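Here the structure is laid out as structure tokens; the discussion comes afterwards.
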Amino acid sequence: MPEIVVVNNVEFDHADIFNDIDEIKLSFKRMLNIVPENGIVFVNGDDPNALEVAANCHSPVKTVGTAENCDYRIENIELKSSNSSFTIKGERYEFPMNGEFNVRNAAMAIAVSIFTGVENESIHKSISNFSGIARRQELRGEEAGVKVIDDFGHHPTAITATIGALRQRFSKSKIWAIFEPRSNTSRRNLMQAELEESLSLADGIFISEVPNPEKVPDGELLNVESVISGLNSKGKQAFIGSSPENIAEKITSLTVEGDIIVVLSNGGFGGIHEKLLTSLKSK
């Protein structure tokens, strides 16, 4: 039985398993129902779906967020290009990562630590020394003055957050997004409009062809051509990539020193990161 559970956000995903958001909520509710009465649930106090699934828990619930009524309220958030700072329960924390979503993740960790009695000095030391994890805005290398960054983001919400954080971090750079619609949700057209909107935050976009399209139910395949057309109509440089090699070759001809390339995929994407760096090196 889990004694401590953190629920950060609840939204639709995993379209091969769930038909809609209600089925996902039900799954979360069932999970929270097994938390014992002497356990604890920490929930995002700014996410209506998260609050809903935690509404009838047998265990106590603590909210973490920016809303005034949150038990652990995140206040005075300051987002900089390479770090962030914020206040929880009167204590100021310095965090060496940017992006509001990273602040929210850190706040959850801090709230759990405070509740479980971790010493304040240890919390500060751990938060200030956190260097991130693999596949989340991970710098894979730099060639010809162009940085290649890897990110696991493949859901529109995650793509929006990632590109937004990179925009803040590299405010003077042109950002190129390379997206592989590989997950069972992103291969479908269920959130096609949201995908287009999230990718439009980049300056230039490449989308690969959908892998294994035959595994997608009839009528549900993501229309990559339509997304590209929509992005072009928004004034974006957007292209379909037939292969990692094709994308690497094309984007190398378009990038200049100072540009940022972010690869968005939940898979290996055919080793595209190495192909990009090799191609850029020959510029």
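A few remarks follow.
- Going from the fewest other Cβ atoms within 10 Å to the most, the residues F12, F18, F206, F86 appear in the order F18, F12, F86, F206.
- Relative to the current alpha-carbon distance between H124 and K283, full extension at 0.36 nm per residue lengthens the span by 52.9 nm.
- Candidates A109, A202, A161, ranked by Gaussian network fluctuation over the chain, Cα under 10 Å, top entry: A109
- In plain terms, the bigger the Kirkwood radius, the slower the diffusion; for region 138-281, with that radius from Cα pairs, at 10 °C and 1.306 mPa s, Stokes-Einstein puts D at 106 µm²/s.
- For region 231-283 and region 1-69, distance of Cα centres in Å: 37
- Listed residues G65, G258, G219, most fluctuating in the chain (Gaussian network, C-alpha, under 10 Å): G219
- Cross-link reach list, lysines versus K281, counting only Cα pairs under 26 Å and skipping chain neighbours closer than eight places: K147, K172, K174, K236, K250
- Stokes-Einstein D in µm²/s, Kirkwood radius over Cα pairs - region 4-129 at 37 °C with 0.692 mPa s viscosity: 213
- Prolate/oblate/rounded label for the chain (Cα gyration tensor, a/c 1.5): oblate
- Only lysines eight or more places from K89 in sequence, or on another chain, were considered; those with a Cα closer than 20 Å are K62, K125.
- Pairwise centroid distance, computed over Cα atoms, of region 121-142 with region 82-103, Å: 13
- Its DSSP H runs of at least 4 residues, each contributing -39,500 (n - 2.57), put the calculated 222 nm mean residue ellipticity of the chain at -10500 deg cm²/dmol, to the nearest 500.
- Summing +1 for each Lys or Arg and -1 for each Asp or Glu among the other residues whose beta-carbon sits under 9 angstrom from that of T162 gives 0.
- For the residues E78, E68, E194, a GNM of the chain with alpha-carbon springs under 10 Å puts the largest fluctuation on E68.
Read-outs: derived from the displayed coordinates by stated rules, not from any lab. Predicted model, so just to flag it, every value in this text is computed and none were measured. Glycine gets a Cβ as well: all are built from the backbone with ideal geometry, and neighbour counts include every protein chain shown.
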